[in-house]
Every structure is written in structure tokens, then in C-alpha cells.
Amino acid sequence: MFIAYTDTQSGRTLVANLASGVNPEQAAAVMNLTPGTWRMVTPEEAAQLQAPTPEELAGQRIAAIHSRFDELDRKSARPFRTALRALLEGEQANEKDIQRLLEIDAEAEALRTELAGLMPAQRPSSPEYPNA
């Protein structure tokens, strides 16, 4: 049995899953819900109400992209350091290192494009991720 109510601070509809045998009126009273601010909902409606909003999904993807940028930065350190050392010593950089850096850069570019689509009014880079 589920009850849905509107959170006064966020304005979002929240869902409470009541244990078997719990009286909904008593549960609403314990939760300090005033009459008329909550309603019984079906399991299907509860699932729909609990589904993330498009904004929440976008926020989750943005966070995942920023996390991947951090991973790519870590993965690029060794091949970059090795290639740079070779160049500074007047040698040719290892082709594997160069190829790996190009792959990392291509993935980062694809992520920047996706990020720009998720944040159309903002730039994809920020002080926290200046090289994103």
C-alpha cells in the first residue's frame, strides 16, 4: 500500500510504502500530513511518481560525464609523460602512446559535445573541470 504526498519544501510528490496492515490515516498522522495533502496510490502509480525527472536524469548524466573526464585525465598521464620525455630527449614518441592519447582525446571530445547538449545555456567546462 502506498501513499503519495507533496513535500512542502521541494514541491515534489513523494511516495511512502506502507507496511502491510498499517492504517494509512494513522501513517499520515505520524508523518504530520494534513488531511487532503496525501492520497492512496497504486503500485504502478507509485513507481511512476518515483521515477526520476528529465532534469534529474540529465544531472546524473552530467555527473557521470565529469567523473569520466577525471578518469580520462588519469589515463592520459602516463602516455603523455612518456611521449613528452621522448620529445624532450630529442627522440620520437612511441606510436602506442600517441595513439592512446588520440583515443582519449576523441572520447573527451564526444563527451564535451554530449555535455553541451545537456547544458545548452552553460559552457561545458567550469572551474572545477577546466579541461573538460
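Rule-based calculations on the coordinates, nothing more; no lab input. Because the structure is a prediction, the values reported are computed rather than measured. Note: ideal-geometry Cβ built from the backbone for every residue, glycine included; neighbour counts use all protein chains shown.
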In Å, descending, principal axis extents of the Cα set of segment 2-50 | 28, 24, 14
How many percent of all Cα-Cα pairs in segment 1-106 sit more than 22 Å apart?
-> 59 percent
About its Cα centre, the chain carries a charge dipole, from +1 on Lys and Arg Cβ atoms and -1 on Asp and Glu Cβ atoms, whose size in debye to the nearest 20 is 160 debye
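Per DSSP helix of 4 or more residues, -39500 (n - 2.57); summed, then divided by the residues of the chain. What does that give at 222 nm, rounded to the nearest 500?
Roughly -19000 deg cm²/dmol at 222 nm, from the helical runs in the chain.
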Where labels lie 7 Å past Cα in the beta-carbon direction, separation of ALA106 and ASP7 in nm | 4.3 nm
Counting other Cβ atoms within 10 Å, which GluC sites (Glu not before Pro) in segment 18-105 have at most 15 and lie in a DSSP loop?
-> GLU89, GLU91
Across SER67, SER76, SER20, the residue with the highest GNM fluctuation in the chain (Cα network, 10 Å cutoff) is SER20
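What is the chain's relative contact order, in percent, from Cα pairs under 8 angstrom and six or more apart in sequence?
Relative contact order comes out at 18 percent.
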Zero-based 10 Å bins, Cα pair distances in segment 54-118, whole percents | 21, 39, 23, 13, 4, 0
GNM result for the chain, Cα springs below 10 Å: residue of MET40, MET119, MET31 fluctuating most strongly = MET31
